[in-house]
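Beneath this line is the structure, given in structure tokens, with notes to follow.
The values are calculated or read from the model by the stated rules, or taken from the named source; none is laboratory data. Nothing here was measured: the structure is a model prediction, and the numbers come from that model. Note that each Cβ is placed from the backbone with ideal geometry, even for glycine, and that neighbours are counted across all protein chains shown.
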Amino acid sequence: MTSTAFITHRDCHLHDMGSFHPESPLRLSAISDHMIAQGLDPYFVYHDAPLATFEQLMRVHPAAHLERMKRSSPELGMVHLDPDTVMNPHTWKAALRSAGAGVLAVDLVMAGDVQNAFCAIRPPGHHCERANPMGFCFFNNIAVAASHALSAHNLSRVAVIDFDVHHGNGTEDCFKGNEQVLMASIFQHPFYPYSGADNPASNMLNVPMAAGADGEEFRMVVNDVWLPRLRQFKPEMILISAGFDAHYEDDMGSMKLLEKDYAWVTEQLKQVANEFAQGRIVSMLEGGYSLSALARSVAAHIRVLADL
């Protein structure tokens, strides 16, 4: 059995918010080109992401949000939902594919077809709140996947891990107070979206980090804060909001993580998944805007997932 699924879709390349926008189609090309150059591509089983259904999305988002997104989708040109979050004629489908990728990943892992899965998708999702698109995000992909694991597969406890440089405010909005979900995150603070540090709900393990924080500080947080709480929670599946913009080469933020830090944290999460969750992990791409650093970091992450 190939242990790791790689889920993506050509529609995710067609969503384009303009030539100067950092959340660019080139991000997915950089990942796939690097995988081929490194000889990694034969080790994964590839799947096309399906379109998420309204039923799957409505576990997280109200119908009014879905209707607003559909109604906002332009036939030509671009529509700005906020200064950073832009729809072109392909965005609606790409957003449905990105959410659908997580649903398929959960299904494949729960069926035992693969041990774990990585979703190379865009637009990302972790800033999208229940009823508010923002921060390049239209649907909350990781929340849709986690809700699918709970609802369709009757899991009792899922953990969402978020190591993007930006706080996953949308995921927190979707799951705060939901005791079936433990969210553990690090993020640069103070920094966009300027949330997460004040009085989070008891199931939110938010760890703000100062600009300039490096791999050593990150590892201390994982060892001292995340891992004890994860083992206490005993998740039945781990979902990862895999943002790679805390890399030292990524000028979107000011943290100093390296590829080896992403590989290391993936190893720690795999260990917890093996202890409590039959190894079940679903990882979904969030940020990462320096193309070379993104490609190298994703490769480091998925090498560990696939035991390469």
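Some observations on this one:
- Condition met for ASP162 (more than 20 Å from ALA111 (Cα to Cα), touching a residue at least 24 places away in the same chain (Cβ under 8 Å) and touching a Ser or Thr at 6+ places or on another chain (Cβ under 6 Å)): yes
- Answer residue from the range 139-170, given it is over 15 Å from CYS119 (Cβ atoms) and within 13 Å of the chain's Cα centre (by Cα) and is surrounded by the fewest Cβ atoms within 10 Å (Cβ to Cβ) among those: ASN169
Listed here are the residues, each with its yes/no results for (1) in contact with a His (Cβ under 9 Å, 6 or more places away or on another chain); (2) farther than 17 Å from HIS21 by Cβ; (3) among the basic types (Lys, Arg).
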residue	(1), (2), (3)
GLU75	no, yes, no
ASP82	no, no, no
THR85	yes, no, no
LEU96	no, yes, no
ALA111	no, yes, no
ARG130	yes, yes, yes
MET134	yes, no, no
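- Residue in the range 276-288 that is surrounded by fewer than 20 Cβ atoms within 10 Å (Cβ to Cβ) and in a helix (DSSP H, G or I) present: yes
- Residue that is surrounded by the fewest Cβ atoms within 10 Å (Cβ to Cβ) [pool: residues in the range 71-94 that are assigned to a helix (DSSP H, G or I) and in contact with an Asp or Glu (Cβ under 8 Å, 6 or more places away or on another chain)]: LYS93
- The listed residue being crowded, with 18+ Cβ neighbours inside 10 Å and either closer than 23 Å to VAL144 by Cα or hydrophobic (A, V, I, L, M, F, W, C) (or both), out of ALA99, ALA63, ALA37: ALA99
- Scope the range 95-115; condition β-branched (Val, Ile, Thr) and either modelled with pLDDT under 95 or outside any helix (DSSP H, G or I) (or both); matching residues: VAL114
- Just so you know, in the range 1-20 the residues that are within 26 Å of HIS90 (Cα to Cα) and in contact with a Phe, Trp or Tyr (Cβ under 8 Å, 6 or more places away or on another chain) include one that is surrounded by the fewest Cβ atoms within 10 Å (Cβ to Cβ), and it is MET17.
- Residue that is nearest to ILE142 (Cα to Cα), among those in the range 57-70 that are in contact with a Lys or Arg (Cβ under 8 Å, 6 or more places away or on another chain) and not in a helix (DSSP H, G or I): VAL60
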